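J.: Sharing a structure here in structure tokens format.
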Amino acid sequence: APLDSSINDPFVLSRPDVHDISATIGNDLVGTDHPVLNSAARYFFTNEDDGKGKGKQVRPVMVMLLSRAMMQMGTSDMPHLNNHALKSQRRLAEITEMIHTASLFHDDVIDNADTRRGKPAAHKAFGNKMAILAGDYLLARASICLARLRNVDVVECMSTVIEHLVRGEVLQIKDSRTGVADIEGYLRKNFYKTASLMAYSCKSAALLGAGHGGNVTSEMVEAAYRYGKHIGVSFQLIDDALDFEGSAISLGKPALADLNAGLSTAPVFFAAETHGDELIPAMVRKFKGEGDIDLALNCIQDAGGVIRTKELAAIHAELAIDAVVKALEPSPYRDSLVHLACRVVVRSR
Ligand code: FPP
Ligand code: MG
Ligand code: MG
């Protein structure tokens, strides 16, 4: 059975744990008696038949698969402990998705994006003020849920994520002011804006497993963190590559958004290594000069910038795989974590 790739498909294997996360958030966790706030906060959590709005739910999938993979180790003879752990890990997955969605409400205002997950962005549907407040409200509800997990280490992890999200966004605004950063600065920013949430939610899943008497060692907690971190870095690199390759229709959001916003991402930095003389001035101008966008696209094409970005993403996916393979016993869940790392690199949306 473990050789059947459909059985170890992360999205299939996590389905029983993840399929109603969106409904639980929308129905139980963020309801309020104020009609406008209610519909804004639940905007991405109402299950429409066409599946629009939910997104890929990669973070809940990771949290639940890791939780199950760690559970394979030593506690299968104690089902009640497992059930307590799983319940809290599922709540963690919901909290993770709420924090992520809150950050997207704010992000789409900052980026002035029209669409998200195949729908109008929240601020297009409700206006900037309501979108910001709905994001704050989601964050507040996520914080209450977090406190109710009664695990201060997990509270610290997830609060750190919120700090990092803000820091990543500020770094990005600063880069877009000056038009340049270096690739190290770019990777640091990517950690804050994307990898931190994945790293700390995975670590928190492990901490909750340990907190409920599971056989979770500090080595496994560290491996969970590294898995999430490297998946996150890989995920953001692919996101930045797709911005050059995808179309608005395939992505569910506008393409070439980064260049148009004046932002240099990995493909640009790779191209600047060999085409710096032409490219760096355009980067400094934030691609606002006549023909700058075409110049950047030509340099990236010539230098294989998108391919090199995907290669770096593949290296990080390997590091993620390495972390779980070394620390966790073999199981279908562990296999599916490996599959997920591969899927991140080959995804097209
Ligand atoms: C998407 O990046 C944005 C993020 C991953 C984080 C945004 C964080 C904030 C706005 C800080 C406020 C945080 C909270 C928790 C309320 P992107 O714009 O590169 O990706 P996109 O193409 O999906 O828009
Ligand atoms: Mg954005
Ligand atoms: Mg943004």
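The values are calculated or read from the model by the stated rules, or taken from the named source; none is laboratory data. Every value quoted in this text rests on a predicted model; they were computed, and no experiment measured them. Because the Cβ atoms are built from the backbone with ideal geometry, glycine has one as well, and the counts that use them run over all protein chains shown.
J.: Just give me the residues in the stretch 267-291 being over 30 Å from the mean Cα position of the chain (by Cα) and part of a helix (DSSP H, G or I), in sequence order.
T.: Selection gives 274, 275, 276, 277, 278, 281.
J.: While we're looking at this one, here's another question. Quick test of your reading of the structure: residue 313 fulfils all but one of (1) farther than 18 Å from residue 342 by Cα; (2) part of a helix (DSSP H, G or I). Name the failing condition by number.
T.: (1)
J.: So, one more: Just to be sure I understand the filter: pairs with C-beta atoms under 8 Å, separated by 6 or more residues or on different chains, first member in the stretch 101-121 and closer than 15 Å to residue 194 by Cβ, second member near ligand 2 (Cβ under 9 Å from one of its atoms) and in a helix (DSSP H, G or I). Which pairs pass?
T.: These pairs meet every condition: 111/257.
J.: Further question: Against the condition within 15 Å of ligand 1 (Cβ to nearest atom), part of a helix (DSSP H, G or I) and closer than 21 Å to residue 57 by Cα, how does residue 205 come out, does it pass? Let's see the steps before the verdict.
T.: On the way: within 15 Å of ligand 1 (Cβ to nearest atom): no; part of a helix (DSSP H, G or I): yes; closer than 21 Å to residue 57 by Cα: yes.
Criteria not met by residue 205.
J.: Something else now. On the basis of being in contact with a His (Cβ under 9 Å, 6 or more places away or on another chain) and in contact (Cβ under 8 Å) with a residue 60 or more places away in the chain, does residue 242 make the cut? Break it down stepwise before answering.
T.: Working: in contact with a His (Cβ under 9 Å, 6 or more places away or on another chain): no; in contact (Cβ under 8 Å) with a residue 60 or more places away in the chain: yes.
No.
J.: What tally of residues in the stretch 146-161 results from selecting those that are crowded, with 20+ Cβ neighbours inside 10 Å and farther than 13 Å from residue 205 by Cα?
T.: The total comes to 1.
J.: Select from the stretch 297-337 the residues that are more than 22 Å from the chain's Cα centre (by Cα) and more than 29 Å from residue 268 (Cβ to Cβ) and list them in ascending order.
T.: So the first thing to find is which residues in the stretch 297-337 are more than 22 Å from the chain's Cα centre (by Cα), and the list is 297-305, 326-332.
Matches in the stretch 297-337: 326, 327, 328, 329, 330, 331, 332.
J.: Could you pull out the residue among 111, 107 that is crowded, with 16+ Cβ neighbours inside 10 Å, out of contact with any Gly (no Cβ under 6 Å at 6 or more places or on another chain) and at pLDDT below 95? Steps first, please.
T.: Numbers: 107 fails: at pLDDT below 95.
When all the criteria are applied, what remains is 111.
J.: Let me ask something else. I'm trying to understand the selection: among the residues of the stretch 91-115, which are within 11 Å of ligand 3 (Cβ to nearest atom), of a type outside the set (A, V, I, L, M, F, W, C) and not in a helix (DSSP H, G or I)?
T.: Taking the stretch 91-115 and keeping what is within 11 Å of ligand 3 (Cβ to nearest atom), we get 103-104, 106-113.
If we keep only those that are of a type outside the set (A, V, I, L, M, F, W, C) too, we end up with 103, 106-108, 111-112.
If the condition is that a residue be within 11 Å of ligand 3 (Cβ to nearest atom), of a type outside the set (A, V, I, L, M, F, W, C) and not in a helix (DSSP H, G or I), then 111, 112 are the ones that fit.
J.: Outside any helix (DSSP H, G or I) and more than 30 Å from residue 143 (Cβ to Cβ): does that describe residue 213? Before the answer, list the steps.
T.: Working: outside any helix (DSSP H, G or I): yes; more than 30 Å from residue 143 (Cβ to Cβ): no.
No.
Results for (1) touching a residue at least 60 places away in the same chain (Cβ under 8 Å); (2) crowded, with 17+ Cβ neighbours inside 10 Å; (3) over 22 Å from residue 172 (Cα atoms), shown as yes or no for each residue.
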site: 288; (1), (2), (3): no, no, no
site: 313; (1), (2), (3): yes, yes, no
site: 316; (1), (2), (3): yes, yes, no
site: 330; (1), (2), (3): yes, no, yes
site: 334; (1), (2), (3): yes, yes, yes
site: 345; (1), (2), (3): yes, yes, yes
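J.: Among the residues of the stretch 95-121, what is the count of those that are in contact with an Asp or Glu (Cβ under 9 Å, 6 or more places away or on another chain) and more than 12 Å from ligand 2 (Cβ to nearest atom)? Write out each step before concluding.
T.: From the stretch 95-121, those in contact with an Asp or Glu (Cβ under 9 Å, 6 or more places away or on another chain) are 102-103, 105-108, 110, 113-116, 118-121; that's our starting set.
Narrowing the set further to residues that are more than 12 Å from ligand 2 (Cβ to nearest atom) leaves 102, 118-120.
Counting residues in the stretch 95-121 that are in contact with an Asp or Glu (Cβ under 9 Å, 6 or more places away or on another chain) and more than 12 Å from ligand 2 (Cβ to nearest atom) gives 4.
J.: Follow-up. Quickly run through the stretch 325-348 and pick out the residues that are assigned to a helix (DSSP H, G or I) and aliphatic (A, V, I, L, M). Show your work before the answer.
T.: The initial filter retains those residues of the stretch 325-348 that are assigned to a helix (DSSP H, G or I), namely 325-327, 332-346.
Within the stretch 325-348, 325, 327, 337, 338, 340, 341, 344, 345, 346 meet the criteria.
J.: Restricting the search to the stretch 1-39, which residues are of a type in the set (Val, Ile, Thr), part of a loop (DSSP other than H, G, I, E, B) and modelled with pLDDT under 90? Before you say what the answer is, go through the steps one by one.
T.: As a first pass, look at the stretch 1-39 and keep what is of a type in the set (Val, Ile, Thr): 7, 12, 18, 21, 24-25, 30, 32, 36.
If we keep only those that are part of a loop (DSSP other than H, G, I, E, B) too, we end up with 7, 30, 32.
7, 32 - these are the residues of the stretch 1-39 that are of a type in the set (Val, Ile, Thr), part of a loop (DSSP other than H, G, I, E, B) and modelled with pLDDT under 90.
J.: Among the residues of the stretch 116-160, which ones are within 16 Å of ligand 3 (Cβ to nearest atom) and in a helix (DSSP H, G or I)? Full working, then the answer.
T.: Keep residues of the stretch 116-160 that are within 16 Å of ligand 3 (Cβ to nearest atom), which gives 116-117, 121-124, 128, 131-132, 135.
The answer is 122, 123, 124, 128, 131, 132, 135.
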